[in-house]
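Report on the following structure.
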Amino acid sequence: MLVLSRKEGEGIYLNDNIKITIVEIGRNQIKLGIDAPRDVSIVRDEIMDRVKFENRESLADTKPNSVDLPDILKKLKSPNEP
């Protein structure tokens, strides 16, 4: 993980087309402004975690055949897992 220090009004670029700006700094939170193309999905991490959990629960409720099982297990692995 890259950790950067930024002041209010400063920002960073991701690639050439996504800019993240520190809009406001408060006591317990900061406000970020994200300028990105419309085709870029931006999702808060707690929402993504919930979707992943619900997808796993949904898959656990099904009875996949043995041919589908390896593919399902690959999808469930986190990108950080070996």
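The values are calculated or read from the model by the stated rules, or taken from the named source; none is laboratory data. Note that the structure is a prediction, hence the values are computed from the model and not measured. Every residue, glycine among them, receives a Cβ derived from its backbone with ideal geometry; neighbour counts consider all protein chains shown.
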**Report entry** Residue identified as in a helix (DSSP H, G or I) and at pLDDT below 95 among M1, M48
**Finding:** M48
Query raised in the report: Does L76 count as among the hydrophobic types (A, V, I, L, M, F, W, C) and at pLDDT below 85?
Result: yes
Query raised in the report: D39 versus (1) exposed (fewer than 10 other Cβ atoms within 10 Å of the Cβ); (2) in a strand (DSSP E or B): which is the lone unmet condition?
Result: (2)
